[in-house]
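A.B. asks: Pasting in a structure now, in structure tokens, and then I'll have a few things to ask.
The values are calculated or read from the model by the stated rules, or taken from the named source; none is laboratory data. Everything numeric in this text was worked out from a predicted model, so none of it was measured. Neighbour counts run over all protein chains shown; Cβ positions are idealised from the backbone, glycine included.
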Amino acid sequence: MAIVRVREHVNPLSQKYQAPASPPDWTQIYAQPEQPLHLDIGCGRGRFLLRMAQLQPERNFLGLEIREPLVEQANRWRDELGLANLHYIFANANNSLRSLLSPSTLEGVIIQFPDPWFKRRHQKRRVVQPGLVADLAVCLQPGGYLFIQSDVEVVAVEMRDRLAEHPAFEATSQDWLRQNPLPVASERECSTLEQGLPVYRTLFTRL
């Protein structure tokens with residue numbers, strides 16, 4: 001698989017990313033559009049979803065990524081593998097969820113190792129903002145799950161607290177999860193654990 005080189009950081013508040021993404025014709029995207037849909041926000045190069053889609057053909061997977069060259073590359077890899085239950089969309093998740101997805105569309109949502117934007121003046125660029133949490137509450141079906149993880153504790157705490165503040169979400173545990181409940185680990189998770197560094201994980205249920 002050839003690798004496209006792109007900028008590591010993209011400012012989601014810049015004018016370029018303010019137009020909401022338009023929904024595709026889902027019947028043309030997925031071979032079986034009625035299957036449960038799982039969303040990965042900030043999917044990067046999409047390799048995590050490539051593995052999930054192969055492992056769980058009974059589910060559909062959607063990756064959102066703000067760096068368009070990565071989306072184009074990921075969809076090429078999907079096509080090479082002939083996966084009809086996987087799609088990637090170039091989108092700013094903070095303004096596109098409600099335009100892309102109908103209410104109660106999602107069975108699960110995954111947000112892994114989002115850009116931490118350490119500088120205080122940049123923290124408004126972090127992906128898990130109150131508006132995103134409200135949109136997720138609409139798009140997730142009752143009983144659905146929302147899994148978050150990060151190797152930066154302050155970012156994990158902020159994500160966890162913003163979700164916990166919303167009445168639609170309930171954490172399945174008061175402590176950080178010791179194990180990833182998903183059957184696939186992302187490349188970032190693997191590299192973090194190989195270095196002996198901690199990963200902060202929380203699983204929420206949509207009430």
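A.B. asks: Please give the helices (runs of 4 or more DSSP H) falling wholly within the stretch 1-87 in which 2 or more residues are of a type outside the set (Asp, Glu) and more than 19 Å from residue 100 (Cα to Cα). First the steps, then the outcome.
C.D. replies: Numbers: elements: 26-29, 47-55, 68-81.
Fully inside the stretch 1-87 and qualifying: 47-55, 68-81.
A.B. asks: Sticking with this one: If you take the residues in the stretch 186-202 that are surrounded by 17 or more Cβ atoms within 10 Å (Cβ to Cβ) and not aromatic (Phe, Trp, Tyr), which one is nearest to residue 135 (Cα to Cα)?
C.D. replies: Our first condition is that a residue be surrounded by 17 or more Cβ atoms within 10 Å (Cβ to Cβ); within the stretch 186-202, this holds for 186, 189, 192, 199-202.
This time we only want the ones that are not aromatic (Phe, Trp, Tyr), so: 186, 189, 192, 199, 201-202.
Numbers: 186: 25, 189: 26, 192: 30, 199: 26, 201: 21, 202: 19 Å.
It comes out as 202.
A.B. asks: Follow-up question, since we're still on this one. Tell me which residues, restricted to the stretch 31-77, are touching a residue at least 60 places away in the same chain (Cβ under 8 Å), among the acidic types (Asp, Glu) and surrounded by 23 or more Cβ atoms within 10 Å (Cβ to Cβ).
C.D. replies: Hit for the stretch 31-77 is 40, nothing else.
A.B. asks: Something else about it: Quick one: in the stretch 163-173, which of the residues that are buried (at least 17 other Cβ atoms within 10 Å of the Cβ) and either touching a Ser or Thr at 6+ places or on another chain (Cβ under 9 Å) or not hydrophobic (A, V, I, L, M, F, W, C) (or both) is farthest from residue 44 (Cα to Cα)? Can you show your working first?
C.D. replies: The initial filter retains those residues of the stretch 163-173 that are buried (at least 17 other Cβ atoms within 10 Å of the Cβ), namely 163, 168-169.
Imposing the further condition that a residue be either touching a Ser or Thr at 6+ places or on another chain (Cβ under 9 Å) or not hydrophobic (A, V, I, L, M, F, W, C) (or both) reduces the set to 163, 169.
Details: 163: 22, 169: 26 Å.
Here the answer is 169.
A.B. asks: Go over the candidates 98, 59, 47, 76 one by one and state the one that is closer than 21 Å to residue 150 by Cα and of a type in the set (Lys, Arg). Even if it seems obvious, please write down each step before you answer.
C.D. replies: Working: 98 fails: closer than 21 Å to residue 150 by Cα; 59 fails: closer than 21 Å to residue 150 by Cα; 76 fails: closer than 21 Å to residue 150 by Cα.
Going through 98, 59, 47, 76 in turn, just one is closer than 21 Å to residue 150 by Cα and of a type in the set (Lys, Arg): 47.
Yes/no per residue for (1) among the hydrophobic types (A, V, I, L, M, F, W, C); (2) touching a Lys or Arg at 6+ places or on another chain (Cβ under 8 Å); (3) crowded, with 17+ Cβ neighbours inside 10 Å; (4) modelled with pLDDT of 95 or more:
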residue	(1), (2), (3), (4)
125	no, no, yes, no
128	yes, yes, yes, yes
138	yes, yes, no, yes
151	no, yes, yes, yes
154	yes, no, no, yes
175	no, no, no, yes
204	yes, no, yes, yes
